[in-house]
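> Before I ask anything, here is the structure I am working with.
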Amino acid sequence: MEKNTDLILLIDDDPIFNWLTYKMIKKLDDRRTIKTFANGHDAFLFLQEGYSPKGGYTLLLDINMPVLNGWEFVEGLNRAGFFRNSKEKNIGINIISSSIDPMDKEKAGQWPIIIKGYFTKPLEIDDMMLILGHKG
Amino acid sequence: MGPIYNGHIGEGTILVVEDNDGDFFLVEDFLLEKLRGAAIVRCGNFGDTVDYLNGENPDIAVILLDLHLPDARGMELVKDILGMSNNVPIIILSGYADLRTAQESLKLGVSDYLIKDDLNPEILYRALIYAKERNSYVSLLQRSTKMYQELFDFSPQPMWVFDPVSLAFLNVNKSAMATYGYDKEEFMAMTIRDIRPKEHYRALNDSIAERKENRDTPFAGIFVHTLKSGDLIQVEIYSNDIMFQGSDARLVLANDVTEKYNHIQTIEAQNARLREIAWTQSHIVRAPLSRILGIINLLEIEEGYSQDLKYLLEQLKKSGKEMDMVIQDIVERTAQIDGKHGEKH
């Protein structure tokens, strides 16, 4: 993976979590470019303006958020056509749920290509290595 | 004059109520000619007859009754004997003078009458056999009618019959009166609309129309009914077409399920509260806990801790995870309540 083309998007309304995740990624791989968003809406606007089909986007997405929650965000991306070139798979979403509600996990199964992984907070070091593609 | 006992046969005694010796011996001869060994009991007056009928197990097959006794006669006598006969067939032995009375008494339930001057063994025998046959058929019919009437009247569940055109009540049972609070007279002046809340009239018309189309299943559905007190109850309705007094009618069985229904609603409300609690556990309580665990995870990849601090971090993480397990357990248990999971997201 090359440095400037790959982006990591942290989307979580909990600033402490965003900070913790940011720190953990930097500890494991400080070459990564990371952007943080407090809700799905801000992340959606960012992708709408700055999306490049050549880029790679790894998303860490919380579900319970104000303005646009995780599922609304995924559905919004789908409606806007972001998943049309799903062969390229340059957008990979990891759900980082604060809940242990089994319903969320079922929902994640409805997007098998787009949603790469489903994790429950907090993220362990091993989870993060999996997300960053260092393992698995 | 006490009863005179003669021979015996299996199926009950023939009671001959006759004061005239000549007439009695003639009847006895005729009977014995056709019914060898018949058990014949003679009572010579009304008093003896009453004693015998009210005595110990008078297993009587048929009563032959003369209309002129020293202590009773005519229609009064017939009525009295009918009242005590316990449905045993009565055949009147009549002279020409009593023909009118004999014919009238048929209306009261006497089986037959025979003119004494025309009597012969054959006629007497045939009259006896017909009376017995007819009587057993009638009593069978009466028994089954009574049985069905009682099934209706004493059914523990409210039942009624209504006219499908006018919707008027045609009959109601005791349980319906007890449940709805109206007496029979009030019910008979009402239609089935009157036990429905006004706002359900349209639904009533629809359901009656639908029942006309679909008569395969007796179950009509669950409806709201109004009691005389104004209270509402939930009832499961089963109905069937029947003939009632010669016309088309519908028989309805109403099963009061108000308590069952309320019970289910209470349980559902409790389930909703439990789901709420599970949701709170899953989202609200777990959020700060997962933050704490996340901080510990980050601290773990820092270098240069003392042994003590490392140990403390491990313990902190262990306790946090234990608490997480407890929350997870609660959420899982609540999810089992009805297979549904929290619907809020």
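The numbers here are math on the coordinates, done by the rules we state, and not lab data. The shown structure was predicted, so the numbers you read here are calculated from the model rather than taken from an experiment. Neighbour counts are summed over all protein chains in view; Cβ atoms, including those assigned to glycine, are modelled from backbone coordinates with ideal geometry.
> Towards the positive end of the charge dipole of the protein assembly as shown, with charges on Cβ (+1 Lys, Arg; -1 Asp, Glu), say which of B:Ile222, B:Leu170, A:Thr21 has the farthest Cα.
The residue sitting farthest along the positive end of the dipole is A:Thr21.
> For region B:261-344, what's the relative contact order in percent, using C-alpha pairs closer than 8 Å and at least 6 residues apart? List each step's numbers first, then the result.
On the way: 35 pairs, mean separation 43.6, N = 84.
Normalised by residue count, the contact order of region B:261-344 is 52 percent.
> Here is a follow-up. Can you give me the distance in nm between label points at B:Lys174 and B:Glu56, each placed 7 Å from the Cα along the Cα-to-Cβ direction?
3.5
> Same structure, new question: Among B:Lys174/B:Lys228; B:Lys146/B:Lys174; A:Lys35/B:Lys318; B:Lys184/B:Lys228, which pairs are too far apart, with a Cα-Cα distance over 20 Å?
Table pairs above 20 Å Cα-Cα are A:Lys35/B:Lys318.
> Now, a different point. In which sequence would B:Met243, A:Met24 go, from the one with the fewest C-beta neighbours within 10 Å to the one with the most?
Ascending Cβ contact count within 10 Å gives the list B:Met243, A:Met24.
> Let me ask something additional. In nm, what is the difference between 0.36 nm times the number of residues separating B:Asn86 and B:Gln315 and their Cα-Cα distance?
Stretched fully, the B:Asn86-B:Gln315 segment lengthens by 73.0 nm.
> Just to confirm the number: angle between the C-alpha axis of helix B:258-279 and the first principal axis of chain B, 0 to 90 degrees, nearest 10?
10
> If one takes the longest principal axis of the Cα atoms in chain B, at what angle in degrees, from 0 to 90 and to the nearest 10, does the Cα axis of helix B:307-335 lie?
20
> Taking the Cα atoms only, what angle lies between the long axis of helix B:201-213 and the longest principal axis of chain B, rounded to 10 degrees?
Roughly 70 degrees, rounded to the nearest 10.
> Go through region B:119-124 residue by residue and turn each phi into a ³J(HN,Hα) via Karplus (6.51, -1.76, 1.60, θ = phi - 60°); whole Hz please, and just put x for glycine and proline.
5, 8, x, 5, 4, 5
> Which cross-chain or sequence-distant (5 or more) residues have an amide H under 5 Å from the amide H of B:Ile40, H modelled 1.01 Å from N in plane?
Sorted by chain and number, the residues that satisfy this are B:Asn6, B:Gly7, B:Ile14.
> Sticking with the crude label model, points 7 Å out along Cα→Cβ, report the distance from A:Asp126 to B:Glu332 in nm, one decimal please.
The answer from the label model is 1.8 nm.
> If you don't mind, another one. On average, how many beta carbons from a partner chain sit within 10 Å of the beta carbon of a residue in B:287-297?
For this peptide, the per-residue mean of nearby foreign Cβ atoms is 6.
> Multiplying the sequence separation of B:Ile277 and B:Asp241 by 0.36 nm and subtracting their Cα-Cα distance, what value in nm do you get?
Numbers: separation 36, 0.36 × 36 = 12.96 nm, distance 5.06 nm.
Fully extending the segment from B:Ile277 to B:Asp241 adds 7.9 nm.
> Return the FRET efficiency for the residue pair B:Met188, B:Lys146: r is the Cβ-Cβ distance, R0 is 25 Å, and the value is rounded to the nearest 0.05.
Computed FRET efficiency for B:Met188 and B:Lys146: 0.70.
> Also: Can you classify region B:157-252 as rounded, prolate or oblate using the Cα gyration tensor, where a ≥ b ≥ c are the square roots of its eigenvalues, rounded means a/c under 1.5, and otherwise it's prolate if a/b beats b/c and oblate if not?
Details: a/c = 1.58, a/b = 1.16, b/c = 1.36.
Oblate is the answer for region B:157-252, as a/c is 1.5 or above yet b/c matches or exceeds a/b.
> Right, here's the next one. For a quick check: sort A:Lys54, B:Lys317 by the number of other beta carbons within 10 angstrom, fewest at the front.
Ranked by crowding around the Cβ, least crowded first: A:Lys54, B:Lys317.
> With a cap of 15 neighbouring Cβ atoms within 10 Å, and only residues DSSP puts in a loop, list the chymotrypsin sites (Phe, Trp or Tyr not before Pro) found in region B:172-269. All intermediate terms of the calculation are to be shown ahead of the outcome.
Working: sites: B:Tyr180, B:Tyr182, B:Phe187, B:Tyr201, B:Phe219, B:Phe223, B:Tyr238, B:Phe244, B:Tyr261; in loops: B:Tyr182.
Sparse-neighbourhood loop chymotrypsin sites (Phe, Trp or Tyr not before Pro): none present.
> Which value, in debye to the nearest 20, gives the size of the charge dipole of region B:13-150 about its Cα centre, when Lys and Arg are +1 and Asp and Glu are -1 at the Cβ?
Numbers: 13 positive and 23 negative charges, 144 e Å.
My answer is approximately 700 debye.
> I've got another one for you. Taking GluC sites (Glu not before Pro) that fall in a DSSP loop and have at most 16 other Cβ atoms within 10 Å as cut points, what is the longest piece of chain B between them? Working shown, then result.
Working: sites that count: B:Glu11, B:Glu56, B:Glu302, B:Glu303, B:Glu343.
Counting at most 16 other Cβ atoms within 10 Å as exposed, the longest clean stretch of chain B is B:57-301.
> Let me ask something else. Could you please state, rounded to a whole Å, how far the C-alpha centre of region B:163-180 is from the C-alpha centre of region B:287-319?
Computed from Cα coordinates, the inter-centre distance equals 76 Å.
> Give me B:Asp21, B:Asp66, A:Asp62, B:Asp241 sorted ascending by neighbouring Cβ count inside 10 Å, so fewest comes first.
Sorted ascending by nearby Cβ count, the order is B:Asp21, B:Asp241, B:Asp66, A:Asp62.
> Next question, about the same structure. If I take R0 = 22 Å and measure r between the Cβ atoms of B:Asn255 and B:Val224 in this structure, what FRET efficiency does the formula 1/(1 + (r/R0)^6) give, to the nearest 0.05?
With a Förster radius of 22 Å, E is 0.95.
> How large is the dipole of region B:261-344 about the Cα centre if only Lys and Arg carry +1 and Asp and Glu carry -1, each at its Cβ, rounded to the nearest 20 debye?
In debye, rounded to 20, region B:261-344 gives about 260.
> Enumerate the calculated ³J(HN,Hα) couplings along region B:99-104 in order (Karplus 6.51 cos²θ - 1.76 cosθ + 1.60, θ = phi - 60°), each rounded to whole Hz, writing x wherever the residue is Gly or Pro.
3, 4, 4, 4, 5, 4
> What relative contact order, as a whole-number percentage, does chain A give when Cα pairs under 8 Å and 6 or more residues apart are counted?
Once normalised by length, the contact order is 22 percent.
> Next question, about the same structure. Given B:Val17, B:Leu313, B:Val50, which one lies farthest toward the positive end of the charge dipole of the protein assembly as shown, if we put +1 on the Cβ of every Lys and Arg and -1 on the Cβ of every Asp and Glu?
B:Leu313
> At a threshold of 8 angstrom on Cα-Cα distance, excluding pairs fewer than six apart, so keeping six or more, what relative contact order does chain B reach in percent?
RCO, chain B: 9 percent.
> Follow-up question, since we're still on this one. Give me the one-decimal nm value for the distance between modelled label points at B:Lys79 and A:Glu49, 7 Å along each residue's Cα-to-Cβ direction.
So the two model labels end up 11.1 nm from each other.
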